[in-house]
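What follows is calculated from the coordinates using simple rules that are stated; it is not laboratory data. Being a predicted model, the structure only gives us computed values, none of them experimental. Don't worry about glycine lacking a Cβ; one is built from the backbone with ideal geometry, like all the others, and counts go over all protein chains shown.
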Amino acid sequence: MSLSKLGLPGLRCGIVIADEKVISALTNMGGIISLSPSSMRPAMATEMIKYGDLLHLPKMVIRPFYKQRLEHTIETIRSCYLSPERCLIHNPEGDIFL
């Protein structure tokens, strides 16, 4: 059973109702799966390293994306104030830390 089916979407947790041996086997399997990356991620990373894209990605794609989101969020917050100049925001270090 999954907790998302109980109205908690996105909650990465499941419930197993089974014999103790089955639960133990699933627990061991879950640990192995969690520690083993899929074949796609290492393959993508290998290609990105091979062509030099891995260093390009943070500067040219990821940072601009989050900078735009950060600016939009600050603009939205300030638009809610009657006196936007009174809305003080610390030096943001990233969208999630605003």
Exercise. For the pair Arg63 and Leu35, how long in nm is the line joining their label points, each one 7 Å along Cα→Cβ?
Worked result: 3.6
Exercise. Aspartates and glutamates within cross-link reach of Lys67: Cα-Cα under 16 Å, excluding same-chain residues under 8 positions apart?
Worked result: Glu75, Glu93, Asp95
